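Values in this text are rule-based calculations from the coordinates and carry no lab data. Computed from a predicted model, the values in this text were never measured in an experiment. Ideal geometry is used to build each Cβ from the backbone, glycine not excepted, and the neighbour counts take in all protein chains shown.
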């Protein structure tokens with residue numbers, strides 16, 4: 001059940017609820033269906049059940065079905081059991097717990113004795129919610145730390161001098177490094193646990209986005225409007241981050257990825273005609289930033305904690321593109337966009353010096369600001385539109401129609417402008433009155449389509465001091481680059497209203513990446529796996545880091561698959577090799593049951609997975625010892641995390657007529673993943 005925001009989704013069962021169960025017959029060649037050789041991926045689609053469409057109740061709660069099952073019989077040949085389920089209910093281990101229980105009851109003719117010994121633990125309280133219900137901004141302060149050009153240059157020289165192999169040393173890299181190290185050290189200092197070294201081997205991760213424009217497999221123009229961000233993640237041990245050369249080690253780790261990182265150096269370029277911003281603030285980090293670090297208030301700033309001013313609203317307006325300038329249009333969301341739908345809204349504040357009275361602002365500046373925004377929206381109509389979320393299997397899309405508009409609030413504040421934009425610590429709530437509000441509850445149409453507004457603006461004038469242009473927008477409509485395209489166009493029109501010539505280019509339509517796909521199964525027999533394990537173990541014994549090696553069938557299988565994928569991609573593409581120093585990434589899931597900070601029982605029913613990521617240069621992967629290096633990296637990561645990969649035992653699903661001869665994951669054809677499972681007994685040798 002998905003209630004309107006700010007309500008939280010929950011699982012609900014009532015008397016009469018059921019699972020869709022379908023039984024059909026097929027004349028398809030069963031042996032061809034379960035074969036290992038490549039076949040068209042669409043061959044399996046008729047055997048996959050469809051989830052029923054979601055429906056919306058009268059009080060606006062979206063009801064999502066969880067599981068349908070489809071049994072297909074192939075006369076005199078076999079049976080196919082297909083399932084489609086919502087991952088939000090549980091991970092693979094939870095699903096296989098259900099399957100093993102079902103098969104046990106089926107084989108025993110309805111005897112529940114074995115089932116009672118392994119009942120699922122359906123208790124969400126064992127997972128600690130990282131999003132507390134109380135005010136998580138209470139007691140937090142905001143501060144700005146300035147790293148000058150001279151300091152940045154000194155850090156760059158320090159990193160370059162120590163790490164002579166580093167080819168890319170940038171201001172971004174050293175800034176991230178010093179921020180990362182300082183955060184870890186300050187967290188330890190505030191917690192008063194600097195004398196405890198229990199977690200020195202713990203890995204700390206640093207995540208930052210890079211702009212994928214012109215860097216994807218199918219290049220996207222720099223003017224593309226929408227989401228095109230990829231996450232970059234690096235990790236370093238705490239003991240390394242907190243030692244004397246911790247900044248150098250952090251910079252080295254970050255530097256391996258920063259050649260692809262997009263630069264966000266456009267924030268202070270937005271001059272509407274009264275100068276560049278004095279300060280730009282992102283206020284949504286109050287809720288998801290460094291929540292664990294709580295700095296004590298400096299005594300001389302404690303008085304500011306109580307000075308949370310309100311604003312006087314002068315007007316509430318709606319700004320639309322010029323009438324007739326944009327036709328009714330719908331734009332589908334991409335997979336980059338959809339992933340941001342459930343995330344918090346982006347809140348950004350631009351502060352400008354404006355040494356004029358409020359009357360000058362309302363009479364001379366405000367009318368032009370509104371007109372220029374209207375003209376800008378005709379080129380950036382997705383911001384004036386709404387995001388439409390239809391029932392499943394429908395996909396969300398952006399829809400604009402004549403009359404759609406942007407909320408535009410005008411306010412006045414008597415707060416101390418210099419205090420508001422200061423760098424020293426102040427309560428995070430000091431900025432909240434200048435943030436525009438999007439409706440917290442999306443409306444639902446008669447045909448059960450959820451309508452989500454996209455953006456709201458608030459302009460706050462500080463008489464004789466400054467102006468704040470605040471925005472709150474839904475990340476699903478576009479990333480930071482897209483938002484700044486809007487801002488650059490808006491400020492350009494505002495500054496040159498009569499001479500303005502549109503500088504906003506149309507984006508190039510995305511290429512159709514749909515190609516014919518085939519499905520194949522590759523069996524790694526026990527003998528082959530043992531050979532790989534012996535090979536990797538022998539290399540580990542001869543290496544200096546032999547103690548960190550973790551060699552298992554899962555490790556060598558993943559390593560072998562990773563290397564084969566990279567080599568086969570090269571062979572098929574026939575591209576001249578000039579990316580030997582490019583890093584390739586391998587992501588796999590960890591089962592965290594009984595391994596979290598708050599132990600979760602093995603019988604816990606729900607999602608309990610964490611991602612593991614390793615990276616290796618292409619030149620090393622495709623080299624003679626590529627499989628060994630890949631296995632060492634994957635094994636090291638597993639050992640460091642003290643986790644295990646999920647072993648689902650999918651081939652133990654015996655209903656009484658034998659184990660499955662084939663188990664397929666059909667959704668992997670949509671996202672380029674691979675499915676890994678233990679062999680059937682007949683193929684294990």
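Based on DSSP, what percent of beta bridges with both residues in the stretch 20-126 are antiparallel, to the nearest 5? Could you put the intermediate results ahead of the total?
Working: 8 of 14 bridges.
If we restrict to bridges inside the stretch 20-126, about 55 percent are antiparallel.
Sort 96-102, 558-564 for me by packing, meaning the mean count of neighbouring Cβ atoms within 10 Å per residue, highest on top.
Working: 96-102: 17.9, 558-564: 21.1.
Most protected by this proxy first, the peptides run 558-564, 96-102.
What relative contact order, as a whole-number percentage, does the stretch 353-485 give when Cα pairs under 8 Å and 6 or more residues apart are counted? If you can, show how the numbers build up before the last one.
Numbers: 189 pairs, mean separation 42.7, N = 133.
RCO, the stretch 353-485: 32 percent.
In this simple spin-label model, placing a label point 7 Å from the Cα along the Cα-to-Cβ direction at both residue 59 and residue 610 gives a separation of 3.8 nm.
Stretching the chain fully between residue 76 and residue 676 yields a gain of 213.1 nm (0.36 nm per residue, less the alpha carbon separation). Sorting the segments 616-623, 339-346 by their mean number of nearby beta carbons within 10 angstrom, highest to lowest, gives 616-623, 339-346.
When a/c reaches 1.5 or more, the comparison of a/b and b/c decides; with that in mind, is the stretch 392-477 rounded, prolate or oblate per its Cα gyration tensor? Prolate, because a/c is 1.5 or more and a/b exceeds b/c. In plain terms, the chain from residue 538 to residue 363 could stretch by 55.0 nm, reckoned as 0.36 nm per residue minus the Cα-Cα distance.
Can you figure out the FRET efficiency of residue 328 with residue 356, using R₀ = 56 Å and their beta-carbon distance, to the nearest 0.05?
On the way: r = 41 Å, r/R0 = 0.72.
Here the calculated transfer efficiency is 0.85.
Label zone of residue 437 (point 7 Å out along Cα→Cβ, amide N under 18 Å): in the stretch 466-497 this covers 470-474. Extending 7 Å from the Cα toward the beta-carbon at both residue 418 and residue 40 defines two label points whose distance is 7.5 nm.
Annotation for residue 239 and residue 89: the two label points, set 7 Å from Cα along the Cα-Cβ direction, are 4.6 nm apart.
Between residue 25 and residue 530, residue separation times 0.36 nm minus the direct Cα-Cα distance comes to 177.7 nm. Under the shape rule built on the C-alpha gyration tensor, where the axes satisfy a ≥ b ≥ c, the stretch 1-127 is oblate, since a/c reaches at least 1.5 while a/b does not exceed b/c.
Placing R0 at 35 angstrom, the Cβ-Cβ distance between residue 572 and residue 105 gives a FRET efficiency of 0.15 after rounding to 0.05.
Using the Cβ-Cβ distance between residue 147 and residue 341 with R0 = 35 Å, the FRET efficiency computed as 1/(1 + (r/R0)^6) comes to roughly 0.50.
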